[in-house]
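Peer 1: Questions regarding the structure given below will be posed in turn.
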Amino acid sequence: MEEVKKIFRNSILTSLIILIIGVAFNERLLYIGIFIGSLIAVLGFYMMCTESKKIIYSDSPKKVAIIGYFKRYAIYAFSLGIIAKYFGLPMLICSVVGLMNIKINIFICIIFENIVRFRNKHL
């Protein structure tokens with residue numbers, strides 16, 4: 001559970017850094033596109049965490065998992081559709097990059113842990 005909290009904290013911090021950089025450089029693609037994509041990714045990850053708890057205590061875990069999966073992807077599709085319709089293709093691409101926020105943070109955490117483990121073992 002501690003690792004999940006760490007991922008949440010890092011992802012929200014990354015989202016805020018993206019927002020600050022976007023506002024500082026006055027770049028709409030950063031502070032609207034990537035920031036909104038990052039927030040949607042954090043929301044999706046939060047929904048996944050709460051659904052995993054529901055699955056454990058549910059009488060029909062398969063149904064809960066399938067409904068949760070479709071809810072998350074409906075949110076992704078709806079938000080990306082709105083962004084594509086009102087802001088265009090460059091904003092859509094930036095939002096998709098923002099959706100990778102959780103995955104990138106998980107990857108960075110794993111790489112960092114492996115570096116620390118290697119350093120402690122060999123140095």
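The values are calculated or read from the model by the stated rules, or taken from the named source; none is laboratory data. This is a predicted model, so every value here is computed, not measured. Backbone-built Cβ (ideal geometry, glycine too); neighbour counts: all protein chains shown. These accessible areas exclude ligands, DNA and RNA; they are computed on the full protein's heavy atoms, side chains included. Shrake-Rupley method; radii C 1.70, N 1.55, O 1.52, S 1.80 Å.
Peer 1: Which length gain, in nm to one decimal place, applies between residue 6 and residue 27 when the Cα-Cα distance is subtracted from 0.36 nm times their residue separation? Please list the in-between numbers first.
Peer 2: On the way: separation 21, 0.36 × 21 = 7.56 nm, distance 2.85 nm.
That pair, residue 6 and residue 27, stretches by 4.7 nm at full extension.
Peer 1: Here's another thing I want to ask about it. Which of the DSSP-defined H helices in the chain satisfy a minimum axial length of 18 Å, computed from C-alpha atoms, and a minimum mean Kyte-Doolittle hydropathy of -1.0?
Peer 2: Length and hydropathy pass: 2-25, 35-57, 61-87, 101-122.
Peer 1: Compute, for the chain, the length of the dipole vector about the Cα centre, with Cβ point charges of +1 (Lys, Arg) and -1 (Asp, Glu) only. Units Debye, rounded to 20.
Peer 2: Using only the charged Cβ atoms, the result is roughly 240 debye.
Peer 1: Scale the Cα Rg of the chain by the rule-of-thumb value 2.2 N^0.38 Å and send over the ratio, two decimals.
Peer 2: Dividing the Cα Rg of the chain by 2.2 N^0.38 Å gives 1.25.
Peer 1: Next question, about the same structure. Express the accessible area of the chain per residue in Å², computed with a 1.4 Å probe while the remaining protein chains stay in the model.
Peer 2: Dividing the accessible area of the chain by its residue count gives 70 Å².
Peer 1: Among 15, 38, 60, which one shows the highest mean-square fluctuation when the chain is modelled as a Gaussian network with alpha-carbon springs under 10 Å?
Peer 2: Answer for the Gaussian network model of the chain: 60.
Peer 1: In whole angstrom, note down how far apart the Cα centers of region 27-44 and region 3-18 are.
Peer 2: The two parts, judged by their Cα centres, are 13 Å apart.
Peer 1: Sticking with this structure for a sec: Distances longer than 17 Å among the Cα atoms of region 1-55: what percent of all pairs is that?
Peer 2: 42
Peer 1: Relative contact order, percent, of the chain when contacts are C-alpha pairs under 8 Å separated by at least 6 residues?
Peer 2: Relative contact order, the chain: 35 percent.
Peer 1: Further, regarding this structure: Using 7 Å Cα-to-Cβ label points, what is the residue 71/residue 96 separation (nm, one decimal)?
Peer 2: Rounded to a tenth, the inter-label distance reads 2.7 nm.
Peer 1: From the Cα gyration tensor of region 53-123, with a ≥ b ≥ c the square roots of its eigenvalues, which class applies: rounded if a/c is under 1.5, or else prolate if a/b is larger than b/c, or else oblate?
Peer 2: Oblate, because a/c is 1.5 or more while a/b does not exceed b/c.
Peer 1: Suppose only helical runs count, i.e. DSSP H with n ≥ 4. What mean residue ellipticity at 222 nm does that imply for the chain under -39500 (n - 2.57) per run, divided by all residues and rounded to the nearest 500 deg cm²/dmol?
Peer 2: -30000 deg cm²/dmol
Peer 1: Among 93, 16, 4, pick out the residue whose Cα is farthest towards the positive end of the charge dipole of the chain, where Lys and Arg carry +1 and Asp and Glu carry -1 on C-beta, about the Cα centre.
Peer 2: 4
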